[in-house]
Structure formats: structure tokens, C-alpha cells
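Undergrad: Next up is a structure, given as C-alpha cells.
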Amino acid sequence: MNNRIKTAVVGVGHLGREHARIMAALERSELVAVCDTNETAGQAIADKFGVAYVRDYRDLLDQVEAVSIATPTINHHETTCAFLAAGVHVLVEKPIARTLAEADEMISLAAQKGVNLQVGHIERFNPAFRALREQLTRPRFFEAHRMGIFSPRSLDIDVVMDLMVHELDIIASLVNQEVVRLEAVGIPILTPKIDLANARLEFADGCIANITASRVSGERLRKLRVFQPHEYYSLDYAEQQVTMCRLVPSDIPGTLPNIVAGGLEITKREPLAAEIDSFLESIGNQTIPVVTGADGRRALKLAIDVLDSIKAHAIRADIGINFN
């Protein structure tokens, strides 16, 4: 493909190596390098895809046009800002940053330099979610469960920033209203940070969302249930399936309405590949990314609000939680 975009991946741990695999395979991309502070791991990924390895991301600033940043959250702000300042388009994994101030600086810098900043809220690119989104006109209630088996990775952040932030982004993008009331609880189980959390959000239009996230579950579960007038949808992210039930008025006067059930037609695709391809497409077409820096900030703000509510409840209940 002519005019392929020169790309690199910074951070090739559990998720970053998948970014590298996809960047190496997509026609829009010419993967030129990977970067990681772990030389053994970074060199192994570089050798696998036949690209250069660098230990310091600064060595890439004048070498690439676009970059995926899959480092720990603590490094998102510094690394992203360095690439944006150099005029490089950035796809940064979620959450966008640790603080709103960091997110604001990243968003401002991207606008100043005229480059794209996309945040890696991967479920937005799940084909099942995209099919569901087309059906929703007035959602009234969401019930979300995101449960994971314990893993030693991503322990630099709590379950709200690690898992619940996905649902916060998804639901906020569907409702597109201000949150007027938020209550949350959470507890540490296997780590000093919050491992299990539940949040209840009420939006300005009256829509309610109930979200549960756990990283110490005995099973993996990623499901979203949505109710709107006369309709119910159940989304399974992992299976990329959406089932629905719909109330249809009867043509015969005086008889009960009919219930129609079935599944939405979905063409399956790996969400991460769709996400990265969309990022590169937005660069090539000079369009706004599907998930902007502002979207990432909104999800971060909601996650911070959830954590603040959990902290207030923990103080009242005398539960010791590490919020640092």
C-alpha cells in the first residue's frame, strides 16, 4: 500500500505486544520500531516482527508519524506529550492519564500541534457494541458486569481505572447526558487497592446505570444489558453477540402485544485491530478519531468521581483502602 504510515509501539507488555502484532499486519501501517524499558522483552518483540528495538522512547520522536502507547498509566502523560509535541499522532491506552490536569494538557497539545489523540477504549470498536448502538434511541436503564480473574498485571491502578472505566465510557457515549447523581462502593480483596466496585449513576434525562466491576472473580464476564421503552438488549462483548426482546403491538384489537426475540446480525472482528485501523484511517483521512481525547477525559472524570464516592463511603464504614 502506498504512503503507509510509519508507526511504533511504546510498551510491549501484555497489551503492547498485541498492538505491535496488529501494527505489523495492517496495510495502513509500516511498523518501524518497538520500545520498552525491558530490553529482553522489547528485543524479542522487535525480532519477531523484524523491526528496530529502542529502550528510550525519545529516540523515536523524529522517526515515526504515529505511535501506540501501552505503558503503565503513570507514564501516559509524559510519553504522550513528548510525541504530540514532536507532531506525532498518538493512540494512548486507557485510562488517558492519572489526573484531569494531565488529560487537559494532552488534549490541548494535540489541538495545538494539529495531530490526532485517540484513547484506547477498545469496546467502542467491538462489532457487537456497534450493532447495539444503532438500535438505541432512548435508553432508560443499564446493567453492566465486567468481571475478571485475578492477574498480577495492571496492579498500578485499581479496578475502577482498570475495568470499570470501559463501561463508564460506553454508557456515557450512549446516553450523552450529564451525570447528576453518583453513588459507589468498593473494597480491596487481594491487593491494597480496590478490587471490587459497584457504581450507580443517574443522568440528567433520568437514565440509570448500575455497573459492577471485579478483578477477583472466579469467571470472566463482560456483559451489558440495556432497557428502553418496549425493548431489551443483552450485549456479550466476549462472544460479540447481542440478543433482544421487543414488544410489538398486535394488529387485532383487544389482544395482548406480541414479544419478538432474536439476535442482531453481527460481522465479527478483533476489536483491537478495528481500533488501531480506525486510528490510522483517521490520520490518513485527516478526520477526528472515533474516541477522542475529550472522550477519554470524560471517562476519566467519571472514574475519579466513582473513586471519590468509594472513598467517602469507606471513611464512613471505616474500611482501609489505599487510594494512592
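Undergrad: From largest to smallest, what semi-axes in whole angstrom does region 89-162 give when each is the square root of 5 times an eigenvalue of its alpha carbon gyration tensor?
TA: Taking √(5λ) for each Cα gyration eigenvalue gives 26, 21, 12 Å.
Undergrad: Moving on to the next point. How big is region 5-115 on each of its three principal axes, counting only the C-alpha atoms and giving the largest first in Å?
TA: 37, 25, 22
Undergrad: Please report, to one decimal in angstroms, the Kirkwood hydrodynamic radius of the chain built from all distinct Cα-Cα pairs.
TA: Value: 20.9 Å, from the Cα pair sum.
Undergrad: Also: Would you mind classifying region 173-324 by shape? Square roots of the alpha carbon gyration tensor eigenvalues, ordered a ≥ b ≥ c; an a/c under 1.5 is rounded, otherwise it is prolate if a/b is larger than b/c and oblate if not.
TA: Verdict is oblate for region 173-324.
Undergrad: Here is a further query. When DSSP beta bridges are limited to those with both residues in the chain, what percentage is antiparallel, rounded to the nearest 5?
TA: Numbers: 41 of 69 bridges.
Percent antiparallel among DSSP bridges in the chain is about 60.
Undergrad: Given C-alpha coordinates of region 63-120, what is the ratio Rg to Rh with the Kirkwood estimate of Rh? The partial results should precede the final answer.
TA: Details: Rg = 9.8 Å, Rh = 10.8 Å.
On the Cα set of region 63-120, Rg over Rh gives 0.91.
Undergrad: So which GluC sites (Glu not before Pro) in region 158-188 pass both tests, a DSSP loop state and at most 11 other Cβ atoms within 10 Å of the Cβ? The partial results should precede the final answer.
TA: On the way: sites: GLU167, GLU178, GLU183; in loops: GLU178.
For GluC sites (Glu not before Pro) across region 158-188 that sit outside H, G, I, E and B with at most 11 neighbouring Cβ atoms in 10 Å, the list reads GLU178.
Undergrad: In addition: Relative contact order, percent, of region 5-115 when contacts are C-alpha pairs under 8 Å separated by at least 6 residues?
TA: For region 5-115, the relative contact order is 24 percent.
Undergrad: What GluC sites (Glu not before Pro) does region 230-296 have in DSSP loop regions with at most 15 other beta carbons within 10 Å? Display every interim value, and only then the final one.
TA: On the way: sites: GLU231, GLU239, GLU265, GLU275, GLU281; in loops: GLU239, GLU265.
Within region 230-296, the qualifying GluC sites (Glu not before Pro) (loop, at most 15 other Cβ atoms within 10 Å) are GLU239, GLU265.
Every number here is computed from the coordinates shown, using simple stated rules; none is lab data. Since the structure is predicted, the reported quantities are computational estimates derived from the model, not experimental observations. Here Cβ is always computed from backbone atoms with ideal geometry, including for glycine, and neighbour counts include all displayed protein chains.
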